[in-house]
């Protein structure tokens with residue numbers, strides 16, 4: 001994962017050390033030497049994350065963070081505060097100012113990179129939601145989203161999965177009088193998964209070590225992978241000083257973590273932040289879903305149609321120019337689909353298309369756009385994607401389509417379906433989307449001509 005990170009510190013040596021570490025991990029690094037410089041660069045250059053020193057001469061980190069979070073142009077950028085003098089009071093003050101986390105100097109590399117990766121993933125998903133909402137406006141479907149959309153006024157739901165009864169009692173007591181929170185408690189991994197299936201909350205609070213009741217890290221991984229809970233906030237409770245477990249939890253999908261012994265005030269602030277983020281994300285998704293369903297969705301598969309896809313491709317191209325990262329387009333065509341309709345009827349053909357759509361969506365990233373652009377023809381758009389990543393993804397799609405037979409009432413063992421795919425890579429600054437689609441089509445025709453059930457990159461087709 002790559003991204004643009006703004007390092008803010010008045011000490012040049014500190015900036016140089018962080019720049020060296022981040023650059024070695026292939027992040028693009030910007031630098032600011034004081035608070036005013038940080039605000040100006042954040043506004044102008046829109047970094048993906050800010051590492052912000054607390055102690056600075058002109059404005060301290062708390063003031064800078066408040067200013068950033070008060071400005072709609074920068075409010076969405078995650079902030080990690082960095083300080084040599086960290087205590088519970090300062091940590092709470094920073095969280096109340098809008099910071100996402102604190103790191104103490106000297107910075108632990110494991111803590112740094114796990115938190116950076118975690119926050120970047122969350123930001124990229126949020127950026128994609130805003131991008132899709134801007135696409136709806138360009139389609140003339142209404143001004144759906146404000147610069148800072150407010151979630152609907154409803155209580156945030158919290159499911160607590162503690163290590164033991166003592167921890168449960170302490171946390172529930174701390175949260176008992178909190179307005180806007182509906183807290184439930186379950187014991188153990190199995191009960192948590194059952195409750196999540198029945199009534200998924202906005203936020204889970206899970207202890208990393210559930211003892212005889214299960215594995216908290218495994219539960220985090222499970223919840224993040226399931227469709228009903230993948231967008232929920234996940235706060236991991238970690239034994240004091242166990243940075244390795246905190247890092248592993250973040251990489252498995254936790255949204256945040258808090259060390260024991262738990263400071264109730266800190267937990268409340270972190271919960272409120274996660275609830276708010278979840279409700280804003282839900283609102284963004286609902287706006288798109290409700291408004292676009294009839295206008296730009298394919299009624300059979302539920303995928304976006306060609307009209308929406310072309311508008312969204314233009315947005316991906318614009319963002320590619322800003323981030324200087326390439327993107328990939330795939331055109332997929334179900335092999336010999338006419339024979340399915342002719343032999344088994346259009347109802348069977350429709351079932352094939354529905355199952356085909358489901359398999360594609362389940363084997364791509366959440367940020368990738370999947371659309372049906374013709375009868376048995378589909379388009380996939382993958383932002384921030386290299387050639388090797390595009391080839392890996394397209395070959396994976398070929399396999400998941402071919403390996404498992406498709407259900408068919410007329411055939412006991414189902415029918416074998418394959419797909420041909422054409423891939424083209426879009427470079428930063430590429431604005432001719434129609435030309436790229438034409439190139440992907442040529443690559444698709446090459447896959448068909450060479451025997452079907454294969455992937456062709458455009459340059460190979462042209463060679």
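The values are calculated or read from the model by the stated rules, or taken from the named source; none is laboratory data. This one's a predicted model, so the numbers in the text were calculated from it and none came from an experiment. Methodologically, a virtual Cβ is constructed for each residue, glycine included, from the backbone with ideal geometry; neighbour enumeration extends over all protein chains shown.
Side notes on the structure shown:
- Selection status of residue 277, assigned to a helix (DSSP H, G or I) and under 30 Å from residue 173 (Cβ atoms): yes
- Number of the exception - residue 12 against (1) farther than 23 Å from residue 124 by Cα; (2) touching a helix residue (DSSP H, G or I) at 6+ places or on another chain (Cβ under 8 Å): (2)
- Of all the residues in the stretch 259-281, those that are closer than 16 Å to residue 167 by Cβ and in contact with a helix residue (DSSP H, G or I) (Cβ under 6 Å, 6 or more places away or on another chain) number 3.
- Scanning the stretch 157-187 for residues that are without any contact (Cβ under 8 Å) to a residue 40 or more places away in the chain, outside any strand (DSSP E or B) and surrounded by 17 or more Cβ atoms within 10 Å (Cβ to Cβ) gives 168, 186, 187.
- Checking each residue in the stretch 12-45 for being closer than 20 Å to residue 76 by Cβ, touching a residue at least 60 places away in the same chain (Cβ under 8 Å) and over 24 Å from the mean Cα position of the chain (by Cα) picks out no residue at all.
- Selection status of residue 115, in contact (Cβ under 8 Å) with a residue 12 or more places away in the chain, in a helix (DSSP H, G or I), in the same structural domain as residue 35 (by TED's automatic domain parsing) and in contact with a strand residue (DSSP E or B) (Cβ under 6 Å, 6 or more places away or on another chain): no
- Restricting the stretch 365-387 to residues that are surrounded by fewer than 18 Cβ atoms within 10 Å (Cβ to Cβ) and in contact with a helix residue (DSSP H, G or I) (Cβ under 8 Å, 6 or more places away or on another chain), the residue that is nearest to residue 337 (Cα to Cα) is 375.
- Complete set of residues in the stretch 158-176 that are within 23 Å of residue 277 (Cα to Cα) and out of contact with any helix residue (DSSP H, G or I) (no Cβ under 8 Å at 6 or more places or on another chain): 172, 176
- Some residue of the stretch 436-445 being surrounded by 13 or more Cβ atoms within 10 Å (Cβ to Cβ), without any contact (Cβ under 8 Å) to a residue 40 or more places away in the chain and not in a helix (DSSP H, G or I): no
- Criterion: crowded, with 21+ Cβ neighbours inside 10 Å, under 27 Å from residue 269 (Cβ atoms), under 22 Å from the mean Cα position of the chain (by Cα) and in contact (Cβ under 8 Å) with a residue 40 or more places away in the chain - qualifying residue of 48, 9, 53: 48
- Taken together, the criteria place residue 331 among residues that are in contact (Cβ under 8 Å) with a residue 40 or more places away in the chain and assigned by TED's automatic domain parsing to the domain that holds residue 422.
- Within the stretch 198-227, the set of residues being under 16 Å from residue 158 (Cβ atoms) and either in a loop (DSSP other than H, G, I, E, B) or free of Cβ contacts under 8 Å to residues at least 12 places away in the same chain (or both) comprises 198, 199, 200, 201, 202.
- Exactly one residue out of 353, 425, 379 is at pLDDT 95 or above and closer than 29 Å to residue 325 by Cα, and it is 379.
- Applying the condition of being within 18 Å of residue 349 (Cα to Cα) and buried (at least 17 other Cβ atoms within 10 Å of the Cβ) to the stretch 388-414 and asking which residue is modelled with the lowest pLDDT yields 408.
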